[in-house]
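A.B. asks: Encoded as structure tokens, here's the structure I'll be asking about.
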Amino acid sequence: MTRQIALLRGINVGRDKRFPMARQRELMQALGYQDVTVYLQSGNVVFADPGTPPERTARAIEDRIAADMGFPVPVMVRTRDELAAVVTANPYPAAAAEPKTLHVAFLSDVPADTAPLDALDRAGYAPDDFRLIGREIYLHCPNGLGRSKLAEKILGMRLGVTVTARNWNTVTRLLALADAV
């Protein structure tokens with residue numbers, strides 16, 4: 001069994017998309033996944049899978065959520081090894097000491113067109129910065145994500161892919177949970 005991590009986008013942020021943690025666990029178990037751990041209410045699920053490709057796992061979870069809950073939820077899935085690679089590739093290692101300043105935006109795929117990102121005037125957003133590495137955008141926001149104009153711009157950008165962000169504490173905790181079993 002391999003460990004996978006499902007990142008659900010946009011749940012429990014308003015009245016329309018309530019998805020309690022216990023229900024998330026039940027749904028994953030009903031899909032046949034084992035050793036299911038739900039971390040926080042924001043849609044982070046670590047589970048054992050027999051080796052299904054992450055893209056297929058994501059579609060299965062999305063379909064089941066839509067059928068059972070009555071609303072669509074985009075899902076990104078990473079294997080344990082993919083998440084470990086995300087942690088290793090962190091281009092802001094010093095920021096890991098202040099994890100509230102570092103976030104990872106997980107993308108459903110590599111953007112076909114990175115021109116909107118390439119066109120950003122990085123100096124105009126300093127001290128905030130970002131790096132696109134594969135299917136992740138690392139956001140370093142020393143003054144906090146909530147105050148960051150760069151984060152607002154990037155997370156609102158139309159890149160032709162689905163995006164969901166997690167803070168560094170959550171990213172590293174999900175990896176630790178994936179390693180715990």
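A.B. asks: Can you put 110, 163 in order, fewest other beta carbons within 10 Å first?
C.D. replies: Lowest count first: 110, 163.
A.B. asks: Right, another one. Please work out, to two decimal places, the log10 of the ratio I(q)/I(0) at q = 0.13, 0.18, 0.19 Å⁻¹ from a Debye calculation in which every Cα of segment 89-168 carries one identical scatterer.
C.D. replies: -0.34, -0.68, -0.76
A.B. asks: In debye, nearest 20: dipole of segment 52-142 around its Cα centre with unit charges on the Cβ of K, R (+) and D, E (-)? Mind dumping the intermediate values first?
C.D. replies: Numbers: 9 positive and 14 negative charges, 51 e Å.
Approximately 240 debye in magnitude.
A.B. asks: In debye, nearest 20: dipole of the chain around its Cα centre with unit charges on the Cβ of K, R (+) and D, E (-)?
C.D. replies: Charge dipole of the chain: 460 debye, to the nearest 20.
A.B. asks: Per the Debye formula with a single identical scatterer at each Cα and no solvent contribution, what log10 I(q)/I(0) holds for segment 2-82 at q = 0.17, 0.21 Å⁻¹?
C.D. replies: -0.57, -0.89
A.B. asks: Also, I was wondering about something else. Give me the three principal axis extents of the chain from the C-alpha atoms, as integers in angstrom, largest value leading.
C.D. replies: Projected onto its principal axes, the Cα set of the chain covers 49, 33, 29 Å.
A.B. asks: Just to check I understand the Karplus step: with θ = phi - 60° and J = 6.51 cos²θ - 1.76 cosθ + 1.60, what whole-Hz values come out for segment 94-104, glycine and proline as x?
C.D. replies: 5, 5, 4, 6, 10, x, 5, 8, 10, 9, 10
A.B. asks: So for the chain, averaging the separation of alpha carbon pairs under 8 Å that are six or more residues apart and normalising by length, what relative contact order in percent results?
C.D. replies: After rounding, I find 24 percent.
A.B. asks: Follow-up question, since we're still on this one. Helix-only mean residue ellipticity at 222 nm, the chain, DSSP H runs n ≥ 4 weighted -39,500 (n - 2.57), per residue, nearest 500. What is it?
C.D. replies: Calculated mean residue ellipticity at 222 nm is -9500 deg cm²/dmol.
A.B. asks: Still on this structure, I have one more. With charges set only on the Cβ (+1 for Lys and Arg, -1 for Asp and Glu), what does the dipole of segment 89-168 come to about its Cα centre, in debye to the nearest 20?
C.D. replies: On the way: 9 positive and 9 negative charges, 40 e Å.
That gives a dipole near 200 debye.
A.B. asks: Taking 0.36 nm per intervening residue step and subtracting the Cα-Cα distance, what contour gain separates residue 23 from residue 158 on full extension?
C.D. replies: Working it through step by step, the gained length comes to 45.5 nm.
A.B. asks: Next question. Please work out the C-alpha center-to-center distance from segment 10-36 to segment 72-139 and express it in whole Å.
C.D. replies: 25
A.B. asks: Further question on the same structure: Could you compute the net charge surrounding residue 141? Neighbours are other residues with a C-beta less than 14 Å from the C-beta of residue 141; K and R count +1, D and E count -1. Before the final figure, lay out each step's value.
C.D. replies: Working: positive: 100, 122, 131, 147, 149, 153, 166; negative: 98, 128, 129, 152.
Combined, the nearby Lys, Arg, Asp and Glu give +3.
Readers should treat all values here as calculations from the given coordinates under stated rules, not as data from a laboratory. Keep in mind that this is a model prediction, so the values were computed, not measured. With ideal geometry, Cβ positions are generated from the backbone for all residues, glycine too; neighbour counts draw on all protein chains shown.
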